[in-house]
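What follows draws every value from the coordinates through simple rules; no lab data is involved. Being a predicted model, the structure only gives us computed values, none of them experimental. Cβ placement follows ideal geometry from the backbone for every residue including glycine, while neighbour counts extend to all protein chains displayed.
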Amino acid sequence: YKGDFSQIDLVVLTEVGIIVFEVKDYSGWIFGSGDQPKWTQVLAYGKQKYRFYNPIMQNNRHIAELRKQLLKFGDIPFYSIVVFYGDSVLKEIDFVPNGTFIVKSERVVEVVKMILRTNQQVHYTNEVEIVQVLKNAVTNGGIIENQIQHSENIKDKLGKHRIFD
């Protein structure tokens with residue numbers, strides 16, 4: 001939407017569709033459900049708990065924005081991969097939607113190969129133009145004003161400046 005930016009970690013155009021990666025650096029135990037807005041990180045054997053925005057929902061929003069940019073190219077399949085690196089353990093993750101994968105960093109290649117092996121090839125109408133749309137997104141991401149706006153949008157969504165206790 002107007003003036004709103006999403007920061008996408010990585011996008012890969014493949015012969016079976018577009019893979020969008022969301023990368024998370026967390027330690028501790030990770031608990032979450034695909035249909036809940038918040039997930040939980042547990043540290044110090046349960047003594048510390050932190051909540052964070054559901055990375056499946058976060059990446060789905062990125063995919064929705066990309067889809068809007070690529071509407072004229074037809075119904076391109078998208079795949080979502082949420083990568084956890086760092087010293088984390090995926091303890092209890094459920095309700096992961098079809099086309100979405102939650103992986104530890106050391107298994108990313110395995111999951112990408114599986115996606116490529118188990119899905120039908122896509123016939124893109126214009127690969128060069130799609131790559132150009134993605135390149136433009138990268139260029140926009142490199143503009144400092146856009147980075148500042150993205151940061152301000154996140155602060156505004158969190159609404160910390162609207163809490164008076």
Label-to-label distance, nm, for residues given as SER105 and ASN126 (7 Å Cα→Cβ offset): 3.8 nm
Cross-link pairs LYS24/LYS72; LYS38/LYS104; LYS24/LYS68; LYS91/LYS135; LYS24/LYS47 - those with Cα-Cα distance over 28 Å: LYS24/LYS72; LYS91/LYS135
